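Visitor: My questions will all concern the structure given below.
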Amino acid sequence: MKHQTLLCAVLTVAFASALAAKEVKLTKAQVPAPVLQTAAKTAPGAAMTGFAREEEKGKTVYEVELREKGTGTDLILSPEGKLLTEEKTLASLADLPAAVRQGFQGSPYGTAKVLKIEKVTNSETPNAATYELTVQQHGKRHELELTADGKLVHHPKGEAEEGEGH
């Protein structure tokens, strides 16, 4: 009986791990040609440094990681090569538009240590970029999303409420 229980536990963990592993790392040769062509056109001088295939909302997409002059950009593309999303890493808070910087600084996370900043542009709404910030506050990491006008639209619920100390 102990062996059956142990086997069930091992199989459950293995199955859960397989479900969580939606992203599959690829070599350049495994990426469809239209994906590579769009990536090359989008950032002509950038080096393609990483490739992956993943499922997003039930559809297969490809991610191409680019590096140019020390800056990273991730492109999310359809198998046909349509650019869906561009995530560009920004170096510092100074690179944010003033409204976004002010919105962040006025939020409950305004004094947190900023670990990463990305400008996210979606092909469906190219003029409405959002900004994703990964911050650390009180030993916890938080993923934040702000609109171009500085409104905090996503933050972990229950982790930082109004009145929480900075």
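Where a number appears in this text, it was derived from the coordinates with a stated rule and is not lab data. These figures come from a predicted structure and were not determined experimentally. In this analysis, Cβ positions are derived from the backbone assuming ideal geometry, glycine residues included, and neighbour counts consider all displayed protein chains.
Visitor: What is the gain in length, in nm to one decimal, between residue 128 and residue 30 on full extension, counting 0.36 nm per residue of separation less the C-alpha to C-alpha distance?
Guide: 32.0 nm
Visitor: Report the net charge of residues surrounding residue 34, where surrounding means a beta-carbon distance below 14 angstrom and charges are Lys +1, Arg +1, Asp -1, Glu -1.
Guide: Charge balance near residue 34 sits at +3.
Visitor: Just in region 94-148: which GluC sites (Glu not before Pro) are loop by DSSP and have at most 13 other Cβ atoms within 10 Å?
Guide: Within region 94-148, the qualifying GluC sites (Glu not before Pro) (loop, at most 13 other Cβ atoms within 10 Å) are 124.
Visitor: Just to confirm a number: summing +1 for Lys and Arg and -1 for Asp and Glu over residues other than residue 51 whose beta-carbon lies under 10 angstrom from that of residue 51, what do you get?
Guide: Computed value for this residue: +1.
Visitor: Which loop-located trypsin sites (Lys or Arg not before Pro) does region 66-166 contain, where loop means any DSSP state but H, G, I, E or B and the Cβ has at most 10 other Cβ atoms within 10 Å?
Guide: Numbers: sites: 67, 69, 82, 88, 101, 113, 116, 119, 140, 141, 151, 157; in loops: 69, 82, 151, 157.
Qualifying residues, ordered by number: 69, 157.
Visitor: Please go through the residue pairs 119/140; 25/82; 22/113; 41/119 and name each one whose alpha carbons sit more than 28 Å apart in this structure.
Guide: As for pairs spanning more than 28 Å Cα to Cα, those are 22/113.
Visitor: GluC sites (Glu not before Pro), restricted to region 16-116: which are DSSP loop and have at most 11 other Cβ atoms within 10 Å? List each step's numbers first, then the result.
Guide: Working: sites: 23, 54, 55, 56, 63, 65, 68, 80, 86, 87; in loops: 23, 80.
The qualifying sites are 80.
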